[in-house]
1. Identify all lysines with a Cα-Cα distance to Lys74 below 17 Å; exclude those on the same chain that are fewer than 8 residues away in sequence.
2. Out of residues 5 or more away from Gly136 or on other chains, whose amide H comes under 5 Å of its own, with H placed 1.01 Å from N in the peptide plane?
3. In percent, how large is the relative contact order of the chain, given Cα pairs closer than 8 Å and 6 or more residues apart?
4. Hey, can you find the accessible area per residue of segment 182-227 for me, probe 1.4 Å, expressed in square angstrom?
5. Across 10 Å bins from the origin, how do the percents of Cα pairs in segment 182-227 run, short distances first?
6. In the Gaussian network model of the chain, springs joining C-alpha atoms below 10 Å, which of Ile115, Ile142, Ile92 carries the largest mean-square fluctuation?
7. Using a 7 Å offset from Cα along Cα-Cβ at His226, what residues in segment 1-45 end up with backbone N under 11 Å from the label point?
8. Which percent of the accessible heavy-atom area of the chain goes to carbon and sulfur, probe 1.4 angstrom?
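The values are calculated or read from the model by the stated rules, or taken from the named source; none is laboratory data. The structure presented is a predicted model; accordingly, all values stated were derived computationally and were not measured. For neighbour counting, all protein chains shown are included, and Cβ atoms are generated from backbone atoms with ideal geometry for every residue, glycine included. Note: areas computed on protein heavy atoms with side chains; ligands, DNA, RNA excluded. Shrake-Rupley method; radii C 1.70, N 1.55, O 1.52, S 1.80 Å.
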Amino acid sequence: MIILDNDILETLLNHRSVRQFKQQKLNDAEINQLLKAAQQASTSQFEQQFSIISVTDPKKLQVLADVTTYDLVKNAGHYFLFIADQHRNEQILKHLDSNADTTNLHSTDKLLASIHDVDLALQSMFTAAESMGMGGVVMGSIYNDTDKIIDAFNLPQLTFPVLGLALGYPAETPEVKPRITSSIIHYDNVYDDEIDFEKLDTYDQLVHDYYASRKGNPREESFTHHLMHDLTKSPVRKNILPALKRQGFLKL
Ligand SMILES: Cc1cc2nc3c(=O)[nH]c(=O)nc-3n(C[C@H](O)[C@H](O)[C@H](O)COP(=O)(O)O)c2cc1C
């Protein structure tokens, strides 16, 4: 039997970020279910190299609001901070054998593995939340001041803040943002270096119409204009590489 439609597909295809929430905090049962969904995601080499911090302390939420410049973090039903974490596994190894060689945990490979673990766990949690009637937004803007996040949440060596996830019951219903024509990003067998600019123009018009007609914050914008504006700025977050090295990553 071929299934091209079901509740999970509907949830995935209806994804849109939600940034306005009802004043309803998530309860323990909801939070536990979300954590289960996050933890059941694939995890590199079954090493479960990530941690999740529930942020409920108003002072910590204020730090997040200051760093990200989004007040929404304080209004969400719940805020999860996702951490790439090789520290816990190092502690486990040292507990088993104080002479254990943990050099590998400082490698680029293990940094990537822990970031993959975070991203998959976060996306599973996000989709689970959406399937439960919630909405939310991923927040990479924590990178505006990584050091402040590391300080505020006592992040030890071999940990790094990767993403925030604000979840809650939606107080808005944004339109679904159209994605790029799949033939532009999906190739057969080898990378296709020829962009079909006609198809890109059509997509650009679609994005233009989406921005012009959406209810919240309509504006004059297209995909290519957005890329030009965003990607040609000089790099604004130069603190990330030194912070990664200070946290003990990228040693080999
Ligand atoms: C890694 C990552 C970081 C993001 N960081 C932010 C953020 O800091 N603030 C924000 O409002 N949205 C953030 N987003 C959400 C994107 O802006 C959003 O997913 C994108 O514009 C597509 O819109 P949609 O999710 O409504 O389809 C982030 C998304 C990802 C994947």
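1. Output for Lys74: Lys22, Lys25, Lys59, Lys60.
2. Val18
3. Across the chain, relative contact order equals 26 percent.
4. On a per-residue basis, segment 182-227 sits at 79 Å².
5. 26, 41, 24, 9, 0
6. Its mean-square fluctuation being the largest, the pick is Ile92.
7. Within reach of a label on His226: 17.
8. About 54 percent, which is the carbon plus sulfur part of the accessible surface.
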